[in-house]
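Reviewing the structure listed below.
The values are calculated or read from the model by the stated rules, or taken from the named source; none is laboratory data. The structure displayed is predicted, hence computed values, not measured ones. Here Cβ is always computed from backbone atoms with ideal geometry, including for glycine, and neighbour counts include all displayed protein chains. Only protein heavy atoms, including side chains, enter the accessible area calculation; ligands, DNA and RNA are left aside. Shrake-Rupley method; radii C 1.70, N 1.55, O 1.52, S 1.80 Å.
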Amino acid sequence: MRDAQSFDDFYRSTTRRMMRYGYAVVGDYTEAQDLVQEAYARAWRQWGRLSAHPAPEAWLRLVVARLATDRWRRLRGLRGALRLAGPPPPVSPPNEDSVLLVRALRQVPATHRRALALHYLLDMPVEEIAQEIDVPVGTVKSWLSRGRARLAALLPDLVVVELEATDVA
């Protein structure tokens, strides 16, 4: 059985040292945070046995070191793949329409934005979206309708340009 209070005490008394150790091992503060967080999560899962360990902090350091080694191996494999593939082609900056669309999408409610993305970017039918999100089909239709209406209100020039382009064709 896990004792939350003893784990909290262990965490509070060791977290600073573990962060310093993690930073020394990987050389990147953010990466060290991730490794130390994962090590503490593993310690919590095994706290019933680990609390009786003669040196739980040493166990934690070993986990951080092994996680860092795993990270280095993944990065080495990635570097090898990148060497074989060569550098990626340069990415051109986004066009003005893309910037405006992203800005407008940020102003659309998250549920509507998610439905719009699934429907228009991933070509999912309404029924499949409803099943994935676990809402009625009518709700998805409503979100799509409201999301399109909101985007049309936020992007009147973009919509007009598209309509003009289709009128010409």
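Here are the numbers for the structure shown:
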{"quantity": "Residue in the range 70-82 that is among the hydrophobic types (A, V, I, L, M, F, W, C), closer than 30 Å to V126 by Cβ and out of contact with any Cys (no Cβ under 9 Å at 6 or more places or on another chain) present", "calculated": "no"}
{"quantity": "All positions within the range 116-154 that are closer than 18 Å to D97 by Cα and of a type in the set (A, V, I, L, M, F, W, C)", "calculated": "L116, A117, L121, A149, L151, A152, A153, L154"}
{"quantity": "Cross-chain or 6+ apart pairs with Cβ under 8 Å, the range 91-118 first and among the small types (G, A, S), then assigned to a loop (DSSP other than H, G, I, E, B)", "calculated": "A104/L155"}
{"quantity": "Whichever residue in the range 134-162 is open to solvent by 100 Å² or more (accessible area, probe 1.4 Å) and in a helix (DSSP H, G or I) and, among such residues, is modelled with the lowest pLDDT", "calculated": "E162"}
{"quantity": "Residue check, R103 on the phi < 0 side of the Ramachandran plot, within 19 Å of the chain's Cα centre (by Cα), among the charged types (D, E, K, R) and outside the structural domain of Q5 (by the TED database)", "calculated": "no"}
{"quantity": "Selected residue [charged (D, E, K, R) and not assigned by the TED database to the domain that holds R20] from R73, R66, R113", "calculated": "R113"}
{"quantity": "Unmet requirement for H119, which otherwise passes all of (1) assigned by the TED database to the domain that holds A149; (2) open to solvent by 60 Å² or more (accessible area, probe 1.4 Å)", "calculated": "(2)"}
{"quantity": "The range 73-99, subset of a type in the set (A, V, I, L, M) and either under 20 Å from the mean Cα position of the chain (by Cα) or open to solvent by 60 Å² or more (accessible area, probe 1.4 Å) (or both), residue nearest to P136 (Cα to Cα)", "calculated": "V99"}
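Yes/no per residue for (1) touching a strand residue (DSSP E or B) at 6+ places or on another chain (Cβ under 8 Å); (2) in contact (Cβ under 8 Å) with a residue 60 or more places away in the chain; (3) surrounded by 11 or more Cβ atoms within 10 Å (Cβ to Cβ); (4) aliphatic (A, V, I, L, M):
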| site | (1), (2), (3), (4) |
| --- | --- |
| R12 | no, no, no, no |
| M19 | no, no, yes, yes |
| Y23 | no, no, yes, no |
| A32 | no, no, yes, yes |
| L35 | no, no, yes, yes |
| E38 | no, no, yes, no |
| W44 | no, no, yes, no |
